[in-house]
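Here the structure comes first, spelled out in structure tokens, and everything after it is commentary.
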Amino acid sequence: MTATVNVDGLISGERDAHISVFDHGFLYGEGVYEVLRTYGRTPFLFEAHMARLRRSAERIALPVPWTDAEILARIDATIDAAAVSLNEGPGDAYVRLLLTRGVGDLLYDPAACPTPTTVIIVKPMAEPPEKVYDEGVMISLVPVLRNHPQSVDPAIKANNLLNNALAMQQAIAKHGFEALMRNHRGELCECAQSNFFVVSQGVLRTPPLDAGLLAGITRAFVLELAAALGYRAKEETIVEGDLATADEMFLTSSTKEIVPVVRVDDLTIGDGRPGPVTRAVLAEFRRRAHAGRTPAPVNV
Ligand SMILES: Cc1ncc(COP(=O)(O)O)c(C=O)c1O
């Protein structure tokens, strides 16, 4: 891993980046984050990510001390510092922005931590191999349930990721690319690191936000571009039985774009190959993403 890290404005290589063990992000998982990627130099769907960061922060009563422009300037400075490692590849960057409660005494009272900590991690974008898109992946429906929305609401993109990590452990044990999760009502809601869609008779369906899931930026973008492509796309409850009748299924995430799913454990989806709707959505997604591409950073 070659990461460049910005901790409260101080940019360093990964080995020299430090935060205090008294940071409540570390002690209690109290913080929020965003993961986005760039195409060339440009962070993709930046405004949508910042809007979600602010919604997440508000839900845990964490003030965001920066404007979007200030955050973008910090991301740009970190990308500039990472130019050498980024230019070893296609130049695209993975960007993780974290905002934690900050450093304070061992108390849950937010007043114990007057200043939030801001961390930006930039590393070369490692895209899944093209085989993933050409052949599709197997995912696993796991026993661990997604957090109840009245507990740690999955709508909050929180640094406390134990629910996701446990689900991924179960999927990895089954050699699954992703962990498909049920909500407290037994409905399918999302995966540990992505949202999902099923396609039946040309209609795209994805679970509604009140199923208890992260409002994925890619999910929203796909709902918009599916309509532009002339498909019907609906937010609708999806249960396990719906997988048997689905013609296609795919995952959406900022770092993986649109990933075709051809198997859920032993159940083959459709004819077991990435379908035409998934391929069309992926092609249009990439066309739009690359249209905003700016040149890769120059070596300095
Ligand atoms: C639980 C979960 N759901 C969905 C997503 C996809 O969200 P986005 O499209 O905003 O990357 C992620 C991304 O990390 C996630 O962690």
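The values are calculated or read from the model by the stated rules, or taken from the named source; none is laboratory data. Not measured: the values here are computed from a predicted model. Cβ sites come from the backbone with ideal geometry, for glycine too, and all protein chains shown count toward neighbours.
Those residues that are touching an Asp or Glu at 6+ places or on another chain (Cβ under 7 Å) and part of a helix (DSSP H, G or I), I need them from region 48-67; list them, please.
Here is the first cut: in region 48-67, the ones touching an Asp or Glu at 6+ places or on another chain (Cβ under 7 Å) are 49-50, 52-53, 59-60.
Once the filter is applied, which keeps residues that are touching an Asp or Glu at 6+ places or on another chain (Cβ under 7 Å) and part of a helix (DSSP H, G or I), region 48-67 yields His49, Met50, Arg52, Leu53, Arg59.
So, Val239, is that one more than 16 Å from the ligand (Cβ to nearest atom), among the hydrophobic types (A, V, I, L, M, F, W, C) and modelled with pLDDT of 95 or more or not?
Working: more than 16 Å from the ligand (Cβ to nearest atom): yes; among the hydrophobic types (A, V, I, L, M, F, W, C): yes; modelled with pLDDT of 95 or more: yes.
The answer is yes for Val239.
Would you mind stating whether Ala228 is among the small types (Gly, Ala, Ser) and within 11 Å of the ligand (Cβ to nearest atom)?
Details: among the small types (Gly, Ala, Ser): yes; within 11 Å of the ligand (Cβ to nearest atom): no.
Here the answer is no, as Ala228 does not meet what is asked.
Pairs under 7 Å by beta carbon, first residue hydrophobic (A, V, I, L, M, F, W, C) in region 55-80, partner exposed (fewer than 15 other Cβ atoms within 10 Å of the Cβ) and part of a loop (DSSP other than H, G, I, E, B), six or more apart or different chains?
Filtered contacts from region 55-80: no entries.
In region 1-54, which residue that is free of Cβ contacts under 8 Å to residues at least 12 places away in the same chain and hydrophobic (A, V, I, L, M, F, W, C) is nearest to Arg287 (Cα to Cα)?
Going through region 1-54, the residues free of Cβ contacts under 8 Å to residues at least 12 places away in the same chain turn out to be 10, 12-13, 15-16, 18, 21, 51, 54.
After this cut, where a residue has to be hydrophobic (A, V, I, L, M, F, W, C) as well, the list is 10, 21, 51.
Working: Leu10: 36, Val21: 44, Ala51: 24 Å.
Checked region 1-54; the qualifying residue nearest to Arg287 (Cα to Cα) is Ala51.
How many of the residues making up region 127-141 are within 20 Å of Gly216 (Cα to Cα), part of a loop (DSSP other than H, G, I, E, B) and not acidic (Asp, Glu)?
Summing the residues that are within 20 Å of Gly216 (Cα to Cα), part of a loop (DSSP other than H, G, I, E, B) and not acidic (Asp, Glu) in region 127-141 gives 1.
Residues that are in contact (Cβ under 8 Å) with a residue 12 or more places away in the chain and more than 26 Å from Leu145 (Cα to Cα), at least 3 per element: which helices (runs of 4 or more DSSP H) completely within region 185-300 meet that? Explain how you work it out, then say what you get.
On the way: elements: 217-228, 242-245, 276-291.
Once the helices (runs of 4 or more DSSP H) in region 185-300 are filtered for at least 3 residues that are in contact (Cβ under 8 Å) with a residue 12 or more places away in the chain and more than 26 Å from Leu145 (Cα to Cα), what remains is 217-228, 276-291.
Scan region 144-175 residue by residue and report those that are within 18 Å of Phe26 (Cα to Cα) and either assigned to a loop (DSSP other than H, G, I, E, B) or not aliphatic (A, V, I, L, M) (or both).
Once the filter is applied, which keeps residues that are within 18 Å of Phe26 (Cα to Cα) and either assigned to a loop (DSSP other than H, G, I, E, B) or not aliphatic (A, V, I, L, M) (or both), region 144-175 yields Val152, Ile156, Lys157, Asn159, Asn160, Leu161, Asn163, Asn164.
Of the numbered conditions (1) more than 16 Å from the ligand (Cβ to nearest atom); (2) among the small types (Gly, Ala, Ser); (3) on the phi < 0 side of the Ramachandran plot, Ala61 fails exactly one; give the number of that condition.
Result: Ala61 fails condition (3) only.
Hey, among the residues in region 178-201 that are farther than 12 Å from Val142 by Cα, within 14 Å of the ligand (Cβ to nearest atom) and polar (S, T, N, Q), which one's surrounded by the fewest Cβ atoms within 10 Å (Cβ to Cβ)?
Result: Gln193.
Listed residues Ile120, Ile71; which is of a type in the set (Val, Ile, Thr) and assigned to a helix (DSSP H, G or I)? Even if it seems obvious, please write down each step before you answer.
Numbers: Ile120 fails: assigned to a helix (DSSP H, G or I).
From the options Ile120, Ile71, the qualifying one is Ile71.
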